[in-house]
Structures are given as C-alpha cells and as structure tokens.
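Working notes, beginning with the structure itself.
What follows draws every value from the coordinates through simple rules; no lab data is involved. Just so it is clear, the structure is predicted and the values come from calculations on it, not from any experiment. Note: ideal-geometry Cβ built from the backbone for every residue, glycine included; neighbour counts use all protein chains shown.
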Amino acid sequence: MSYSYSDPFPMRVLTGIQPTNVLHIGNLFGALIPALELQKENDLYMMIADYHAITVPHEAHALNESILTVAAAYLAVGIDPTKTVLFQQSQISAHTELAWILETIAYMGEAKRMTQFKDKSGDKQDNVSVGLFAYPILMAADILLYDAKNVPVGHDQKQHLELARDLAQRFNSSHGQTFVVPDPLICKHGARLKSLTEPDKKMSKSAASAKSYISLMDDPDLIHKKIRSAVTDSQQLITFDESREGLYNLLTIFSLATGRPADEIANEYIEKGMKELKDNLSEVLCSYLLPIQTKMKKLLGDKQELTRIINNGSASAKKVADAKLKEVKKKIGVIL
Ligand code: AMP
Ligand code: TRP
C-alpha cells in the first residue's frame, strides 16, 4: 500500500471508522495497515465514529464493546497513541454542534442525492432516521473541525467527501477563509478483499454468513476451515487472473500476509494445486494474525487502560475541535 506525498511537512490526515463488532481482514488490509503507513509521515487523527454507528438501530452493550474493539485493533497493529491522536467522536460535542451549523447551509437536494442514503434507506425513505439522512453532514463536521487536508476513504465515501468540500467552500465564501477544503485519499492499489463464499461481492461484516469473512478474532482452526471451504473454480492450474475471482482473492490475501507479489506466489503453486495453496495460505495468515490477536486480547483484557488511552486522545482532539468551533461561532455571529 503506498501513499506518496511531495509535501515535506507533515500533513493533517483524518480517518474515521465506524465501530462494529466484527472487524475482518478486509478492514485490516484496507484500513488498519494503511493507517499505520500514514502514521509514519503525517499528523494523523484517527476517529472512532460512534455517533455514525447509531444512525441505524443498535444495541448499547454491543456498541460499547465495539468501540473498545476498534481501538484495540488499531493499537494492536501498531498505531502509537503518542504519535497519532486516537479519539472517540461522541466525547467531543463540537462535532454535533458544527454538524448543526453545517446543516443550515446544506441543501436538501444535495443531501438527498447521497447514494449511500438511497442504498441504505431503499424504498422506505420515510421510515429511516433523520440521523441517517444527515450523516454525511456530521461526517463533514468531523473533517472540517480538524483542518484535515487528506481524508483516506473507500470509494463508497467519495461522494460524502465531495459534500464536505462543497460545504467548506460555501462557508468560506460567505464568512471568509475558515475551513481547509479536504481532498479524498483513495487508496490506489487498495486491497478490496472479496467474500470467501461469494467472491463477486466484497468481504463485508454485514454478510449473512460468517464463513464469508475472516474475523480478526477467528482462531486458527476456524481460519483453516473457512479458507478450505472458500469458493474457487474447477480449473487445475493456479494462475493470478482477475477473472478467476475466488482464486484471485486468495492469492491477494496470501500476498498481503507475506509481502510477496501475488503472481510470484501463483507461479510457485502453479502445479501444486488448490488444496496445498489453501493449506499454506491458512498457515501464513494464522502466523500473520497471531501477534495482532495476542495484542488485541491483552488490550481488551484491561478495559480501564484502553479507556484511558481513548480518553487521552479525545482530550487532545477536543482542544483542536473546540478552537475551530469557536472561530465558526464568531463568524456566524453567535458569540457575544
Ligand atoms: P466498513 O467496514 O465498511 O465500515 O469499512 C471500514 C474500513 O475498512 C473502510 O476504510 C473500508 O474501505 C475498509 N474495508 C471494508 N471492507 C473492506 C474490504 N472487503 N476490503 C478492503 N477494505 C475494506
Ligand atoms: N462514514 C465513514 C465510513 O462509513 C466513517 C467516517 C465517519 C469517516 N466520519 C468520517 C471517515 C470522517 C473519514 C472522515 O467509512
């Protein structure tokens, strides 16, 4: 995964992830590991977007656990809380306050055009929450509060980023330069891992079957079982060919877990066959995940310490967010 910058100064980068219980290897290779790269050269703000997670029905206890699990996963892969500001969105009331202010300049038409809202609400748009509708505006507030220049997101979030840019420009043109206009950072040769059972779909935590993904918490036995039953095709030779979706996905995972090019791995297994490839993939993946899993368990075993880390990060983020909100409130004329 490579992000490249020509700018010699550390750039403010903000990422957000919604806390959900199941974190899978798609999230690991698509979000957590790239974040680790970003931490090296940037001023990184990493947000647990818990107020986004309540825009759909949820269970309180599960959300609480998920917030801790996401934090533990980031720390376990190597996010260093002394370098990166790891924080919890709901601890900083400036997010919801700025969201309100931005809602007053966002148009109904632009919010209605958001394809994720249309997808998630389906044909029952009158019965989903107002929060789900307003979610992209809260996301804009998340970004604009921190003067984030770059925002790493998946393709599905690109439209939300465009809305954040439009709102920043609109506010700036009415009230003078206030917000940095953010750019999306779309991971180029991103690992879009596919479902193990339906390789034409992306690996997703909302999939009906747990066999379709490998959770960061799966033990070696389960990983072996899931990889063994992963859907491939009936061709004999092992080749790295995008049209052979299931096999392509397994080779991609193999490559990510070993750092070796996928076509080189395919060549090594060309005549060995699928069973040997799957067995060896399970082994390399288990070894890759083991240290991460061990650290996650340790972190989750001391919830007080984990909470302390999250609270500390949130206190630093709050200072930045509060200062920006104050500037905004002055500009709109509510500070006496
Ligand atoms: P989500 O789980 O959809 O909320 O996504 C959280 C983060 O993980 C986002 O940055 C996604 O781009 C990334 N992600 C989710 N699913 C995958 C996948 N199957 N492959 C790669 N990255 C993924
Ligand atoms: N909506 C994002 C997602 O589902 C998560 C998110 C919330 C986010 N606020 C953000 C991402 C701010 C980047 C910046 O993936």
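Would you compute, from DSSP H runs of 4+ residues alone, the mean residue ellipticity of the chain at 222 nm, taking -39500 (n - 2.57) per run and dividing by the full residue count, rounded to the nearest 500?
Estimated from H runs of four or more residues: -16500 deg cm²/dmol.
In the chain, which helices (entire DSSP H runs) extend 15 Å or more along their own long axis, judged by Cα positions, while averaging at least 0.5 on the Kyte-Doolittle scale?
Qualifying helices: 60-77, 130-144, 245-258.
Give me log10 I(q)/I(0) at q = 0.13, 0.18, 0.22 Å⁻¹ for region 12-110, Debye formula, one equal scatterer per alpha-carbon, no solvent.
The calculated log intensity ratios at q = 0.13, 0.18, 0.22 Å⁻¹ are -0.52, -0.91, -1.16.
In Å and from the alpha-carbon atoms only, list the Rg and Dmax of region 210-296.
Cα-based Rg and Dmax for region 210-296 come out at 12.6, 40 Å.
Compute the convex hull volume of the Cα atoms of the chain, divide it by the residue count, and report the result per residue in Å³ as a whole number.
It is 151 Å³ per residue.
Indicate the gyration tensor shape class of region 63-210 (rounded, prolate or oblate), computed on the Cα atoms with a ≥ b ≥ c the square roots of the eigenvalues: a/c under 1.5 is rounded; otherwise a/b larger than b/c is prolate and the rest oblate.
oblate
Can you compute the label reach from M108? Point 7 Å from Cα along the Cβ direction, backbone N cut-off under 20 Å, restricted to region 132-148.
Output list for this probe position: 132-138.
Dipole size in debye (nearest 20) for the chain around its Cα centre, Lys and Arg Cβ +1, Asp and Glu Cβ -1?
The dipole magnitude comes to about 740 debye.
Antiparallel as a % of all DSSP beta bridges within the chain, to the nearest 5?
10 percent
For a quick check of your reading of the filter: which trypsin sites (Lys or Arg not before Pro) in region 160-264 sit in a DSSP loop and have no more than 14 other Cβ atoms within 10 Å?
Those satisfying the criteria are K188, K201.
Is there a pair in K124/K205; K202/K226; K226/K272; K120/K205; K202/K318 whose C-alpha atoms are over 25 Å apart, and which pairs would that be?
Pairs exceeding the cut-off: K202/K318.
Just list whichever of K149/K331; K158/K330; K118/K326 have alpha carbons separated by over 26 Å in the model shown.
Cα-Cα > 26 Å for K158/K330; K118/K326; rest within.
About its Cα centre, how strong a charge dipole does region 210-296 have in debye, to the nearest 20, once Lys and Arg get +1 and Asp and Glu get -1 at the Cβ?
Using Cβ point charges on Lys, Arg, Asp and Glu, region 210-296 gives about 320 debye.
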